[in-house]
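Report on the structure given below.
The values are calculated or read from the model by the stated rules, or taken from the named source; none is laboratory data. These numbers come from a predicted model, not from an experiment. Neighbour counts are summed over all protein chains in view; Cβ atoms, including those assigned to glycine, are modelled from backbone coordinates with ideal geometry. Areas reflect the complete protein model, heavy atoms only, side chains present, ligands, DNA and RNA absent. Shrake-Rupley method; radii C 1.70, N 1.55, O 1.52, S 1.80 Å.
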Amino acid sequence: MTYLQLDESDLNRAGALWTAREIAQQPASWQRTEDLLKQHAASIAAFLAPLLAQKDLRIILTGAGSSAFIGECLAPLLLARLGRRVEAIATTDLLSGPKQYFQDDVPTLLVSFGRSGSSPESVAVVNLADQLLHECHQLVFTCNEQGTLYQHCRERQNSLAILLPPETHDQSFAMTSSFTAMMLAASLVFNDAHSGFQSVAPIARAARELLNQHNTRLKDLAAESYSRVVYLGSNGFKALAREAALKLLELTDGKVIAAFDSPLGFRHGPKTIVTRDTLLFVFVSNDPYTRRYDLDLLCELRRDALAGRVIAITAQIEDSVTEGDYLHVPHAAQAVDGELYYPYIVCGQLYAFYRSLSLGNKPDQPINSGTVSRVVRGVTIHTL
């Protein structure tokens, strides 16, 4: 067997087998996730439809780390799609300041994301929501049937737990297929409640071809050994940039400084990070209006000629893109931005994977100190 065009035995020796497999499996896992949701469409609709009919419903998307970034990616899309109050608030914020965020007299749907479903903050926040909110409903997306969140919500009224295909319960340290599968599941569930399921086949095809076309190029790019890497994206792509930066930070065990921002925000001070040892990626929107701002900064960074490289990740080709380095996502020129999240983040995952290997790290367990774990430990939950 090969994954990412690398032999399974070689990957195993390098401590990289799980990460490679979980990155490579994503297009197939997305299609299995879609199939699973279709099988449970009736029960999902029965749970969501009455809630979304409430004009004053508040939806909080929550999780910790990468799971929190899922909510940040989806919040602007769901706000526009549902016409309801939608906010992304990490469990790490809800736990430390619940009375600053929860409003006891506002009907609330708490949407929790968790690969393991056992992070101490996520479990505590579910209980705090029940304690503090007069009307609280819980929707959980998780990859682990044995996780505390899944078991808790199965036994609780006013709740629904959606268990994703078992292979999405990533065994590697970093979340890859679990991140995209949970994000996809939530997008499909809320899209179905609004306008019916949309097929994931086009984005799966785009990602599959991207894996074939750009795998070697991203491997070669990782070998160039930039010590600073910045991901930039507008709106929901800013949260995707945050996830890409975290993947690189995790898989390199902090040896590569990884940052993120929006193209418009980057000029307001963060741009000072740019040196000859800096690699910049720009996630370019397909939205005609947003895209103009993305391309403005892309061209500006290239004119500045201060960075080691500036690379556009784009689904549409035009002169302002092709005048410099770019990675083209095939078959996605007409995709909406929410669909581009999936192939775009695969680029970030691949780069982080190969940069980890170039440093001699083991991507499956890259943290040499042991102070950071796959499922967070060491959190004391204090009584409110």
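If you go through region 73-87 and pick out every residue that is open to solvent by 60 Å² or more (accessible area, probe 1.4 Å) and either in contact (Cβ under 8 Å) with a residue 60 or more places away in the chain or of a type outside the set (A, V, I, L, M) (or both), you end up with 1. Can you confirm whether T278 is under 24 Å from the mean Cα position of the chain (by Cα), open to solvent by less than 10 Å² (accessible area, probe 1.4 Å) and not aliphatic (A, V, I, L, M)? When the stated conditions are applied, T278 passes them.
Of the set (1) modelled with pLDDT under 95; (2) farther than 17 Å from T176 by Cα, all apply to G97 but (1).
Taking region 151-173 on its own, how many of its residues are open to solvent by 30 Å² or more (accessible area, probe 1.4 Å), modelled with pLDDT under 95 and out of contact with any Asp or Glu (no Cβ under 9 Å at 6 or more places or on another chain)?
4
Among the residues of region 123-161, just one is farther than 24 Å from Q100 by Cβ, assigned to a helix (DSSP H, G or I) and of a type in the set (V, I, T), namely T148.
Please determine, by comparing only the residues of region 88-122 that are touching a strand residue (DSSP E or B) at 6+ places or on another chain (Cβ under 9 Å), free of Cβ contacts under 8 Å to residues at least 40 places away in the same chain and outside any loop (DSSP other than H, G, I, E, B), which one is surrounded by the most Cβ atoms within 10 Å (Cβ to Cβ). Going through the qualifying residues, I end up with T91. Listed by first and then second residue, the pairs with beta-carbon distance under 6 Å, at least 6 apart or on different chains, first residue in region 14-27 and open to solvent by 20 Å² or more (accessible area, probe 1.4 Å), second in a loop (DSSP other than H, G, I, E, B), are W18/Q171; W18/S172; W18/D364; A24/L4. Here A45, A80, A53, A64 are screened, and the one residue that is at pLDDT 95 or above and not β-branched (V, I, T) is A53.
Does T275 satisfy the condition of being in contact with a strand residue (DSSP E or B) (Cβ under 9 Å, 6 or more places away or on another chain) and more than 14 Å from Y231 (Cα to Cα)?
On the way: in contact with a strand residue (DSSP E or B) (Cβ under 9 Å, 6 or more places away or on another chain): yes; more than 14 Å from Y231 (Cα to Cα): yes.
So T275 fits the description; yes.
The residue of region 334-384 that is most open to solvent (accessible area, probe 1.4 Å), among those that are farther than 30 Å from L95 by Cα and of a type in the set (S, T, N, Q), is Q334.
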